[in-house]
Amino acid sequence: MSSALATPTDLDEAPVVADPLQTRATSPAPEVRPAAPNAAKRAGAVVGPVAWRILKPSIAIVAFLALWELAPRIGLVDEVFLPPFSTVVEAFLDLAASGELWQHVSASLSRALIGFFVAVAIAIPLGIAIAWYRPVSDFLNPILELFRNTAALALLPVFILILGIGEESKIALVIYACTFPILLNTISGVRTVDPLLIKSASSLGLSPVRLFQKVVLPAAVPTIFTGIRMAAASSILVLIAAEMVGAKAGLGYLITASQFNFQIPNMYAGIVAISVLGLSLNAILVLIERRLSRWRV
């Protein structure tokens, strides 16, 4: 006869069921991960490359200005003919404080901008017509090849004889100098659009006007703006040369008059003003180009 009572031996052999609460209480604590890098380190990792990318192009400019400052002071060049950069800066500030610098800058800038915008208004539509329509190209190419190989400054006496020594001859010279870089780059930009893009747009049923507006013109914008930036530089350079020949105001006149009067620091101040003006125009055009070609990677 078996007993219903469990013996101590049976209790020892029975499986032990763990208490869930006790198991949860005695389980090891979760591993603590190391803290993430602090905000200062993350900011340094981001700011460092950006700062280097900004400062890297400035190294050559700073080295050039340091050489300009030191060369006259240590006797490498005559200080009379090449004053230190600090002396030129003082002359620049004196001209700016007196208002004379702004008078010359405004005169040159107005002439350059008028000629530049007229050239843009002429060259871009003409370049599009030449690139898009073969009969127009066949008709105009010979005369364009003739004039684009004629230097603008070589025609300065012609412009002065025909238009006089006033504003008209200078603006006309700027228009002539600016037209061909914009025109040639517009032609190249329109003609080099990927044919696959044009075929794909045509297969979607776009009309020729919409095809040109939505595909051809946006694809040609980078090349067109290359010509526009070249033209902006040409407008300043050609205008300065024209102002040296005959003008009563302008940066070219300032440089020539300072040379004749042996005001050498003022002469270099005018040259620095031309550089600053050219850099400013180029920076503005780069921003406009990026705005109009946001589709580019």
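Length gained on full extension, LEU196 to PHE139: 17.7 nm, using 0.36 nm per residue less the C-alpha separation. Note on THR150 and VAL286: the extension gain reaches 46.1 nm, defined as 0.36 nm multiplied by sequence separation minus the Cα-Cα distance. Positive-end ranking of LEU196, PHE262, ILE160 along the dipole of the range 95-293, with charges on Cβ about the Cα centre, is headed by LEU196. With the whole protein complex present, LYS56 retains an accessible surface near 120 Å², based on a 1.4 Å probe.
What FRET efficiency, computed as 1/(1 + (r/R0)^6) with R0 = 22 Å and r the Cβ-Cβ distance, is obtained for ASP78 and SER275, rounded to the nearest 0.05? Computed FRET efficiency for ASP78 and SER275: 0.45. Restricting the calculation to Cα atoms, the range 177-297 yields a radius of gyration followed by a Dmax of 20.5, 69 Å.
Separation of the range 72-137 and the range 225-252, taken as the distance between their Cα centroids, equals 5 angstrom. Placing pseudo-labels 7 Å out from each Cα toward the beta carbon at LEU161 and ASN261 gives an inter-label distance of 3.4 nm. Label sites at ALA71 and ILE59, each approximated as a point 7 angstrom past Cα along Cα to Cβ, lie 2.1 nm apart.
The values are calculated or read from the model by the stated rules, or taken from the named source; none is laboratory data. No experiment lies behind these values; they were computed from the predicted model shown. When we count neighbours, we look across all protein chains shown, and the Cβ atoms used for this are built from the backbone with ideal geometry, even at glycine. What goes into the accessible areas is simple: the full protein's heavy atoms, side chains included, and nothing from ligands, DNA or RNA. Shrake-Rupley method; radii C 1.70, N 1.55, O 1.52, S 1.80 Å.
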